[in-house]
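Comments concern the structure below.
The values are calculated or read from the model by the stated rules, or taken from the named source; none is laboratory data. Only a predicted model underlies this, so the values are computations on that prediction, with no experimental measurement involved. Neighbour counts are summed over all protein chains in view; Cβ atoms, including those assigned to glycine, are modelled from backbone coordinates with ideal geometry. Heads up: the accessible areas ignore ligands, DNA and RNA and are worked out on the full protein's heavy atoms, side chains in. Shrake-Rupley method; radii C 1.70, N 1.55, O 1.52, S 1.80 Å.
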Amino acid sequence: DALALTAAGHSRAYLARQPAQALVLHERALAVNPSLSWAWGYGAVAYCYLSDAETAFRYLERHRRLAPSGAQADFFRGVRAIAHSIRGEWTEAVDEATMMVRRFPYFMNARKVLAAALGNLNRVAEARTVVAPVFKVEPDFCLRHFAERYPMQDGPTRDAILHGLRCAGITENTERGPQ
């Protein structure tokens, strides 16, 4: 079942922090059903975790052709934001993540990506406003927890995201909210 393989792949990438192994499952899903937009979208996520923005954008373009509008298209704007972040394209990351946060205001990971991009652009007040709701859901959110939990494999990309979150006021190791 292609959808089951995609779900297993995303679980492997995000929860188990094994994006390379996840790609095997996404490729199997695409072999079963090359028109499954979810497999293209979540394959892009795994490529982002491996800091392969070029392949992620190719997968996202295929996803967009298969699901050009609606909630699914809006959701994968957050993945485009991550791919732009990998390239250091913070303005583009802000544009994409802003659209996702507007559509899905309770999806906290999109808020983190947006806050990191805003922080990297020195738009500190906006970044703090965007990330504030995260502390209602994750009161212990800090840079250490983010680094431990986020499946980004590439050090420089992870460090750039952490830098943006630091600029947004996220503390290194505390149970408190932004300073």
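If we count every other residue with Cβ under 13 angstrom of Trp40's Cβ, Lys/Arg +1 and Asp/Glu -1, where does the sum land? Local charge sum for Trp40: +3. Ignoring everything but the protein chains, give the 1.4 Å probe accessible area of Arg149 in square angstrom, nearest 10. That residue has around 110 Å² of solvent-accessible surface.
If you sort the three axes of the alpha carbon gyration tensor as a ≥ b ≥ c, you get a/c under 1.5 for the stretch 84-179, which makes it rounded.
For Ser69 and Asn173, a Förster radius of 30 Å and the Cβ-Cβ distance give a FRET efficiency of 0.10, rounded to the nearest 0.05. For Thr129, the solvent-accessible surface with a 1.4 Å probe is about 100 Å², rounded to the nearest 10. Springs between alpha-carbon atoms under 10 Å, Gaussian network over the chain: tell me which of Gly70, Gly78, Gly155 tops the mean-square fluctuations. Evaluated over the chain, the most mobile residue of the options is Gly70. Accessible surface of Glu148, taken over heavy atoms with a 1.4 Å probe and every protein chain present, rounds to 90 Å².
In the stretch 70-123, a dipole from Cβ-located charges (positive for Lys and Arg, negative for Asp and Glu) runs towards its positive end, and of Gly70, Phe107, Gly119 it is Phe107 whose Cα lies farthest in that direction. Please work out which option in (i) 49, 30, 27; (ii) 63, 35, 24; (iii) 88, 35, 19 gives Cα extents along the principal axes in Å calculated from these coordinates, and answer with its label. Of the listed options (i) 49, 30, 27; (ii) 63, 35, 24; (iii) 88, 35, 19, (i) comes from this structure. Ellipticity at 222 nm from helices only: DSSP H runs of n ≥ 4 in the chain, each -39500 (n - 2.57), divided by the residue count, give -21500 deg cm²/dmol.
Could you sort Arg102, Arg62 by accessible area so the largest value comes first, with the probe set to 1.4 Å? Intermediate values should be presented prior to the final figure.
Values: Arg102 175, Arg62 70 Å².
If we order Arg102, Arg62 from most to least accessible, we get Arg102, Arg62.
Based on Cα atoms of the stretch 1-99, Rg over Rh with Rh as the Kirkwood radius reads 0.96. Remark on the stretch 1-42: Rg and Dmax equal 8.9, 26 Å (Cα only).
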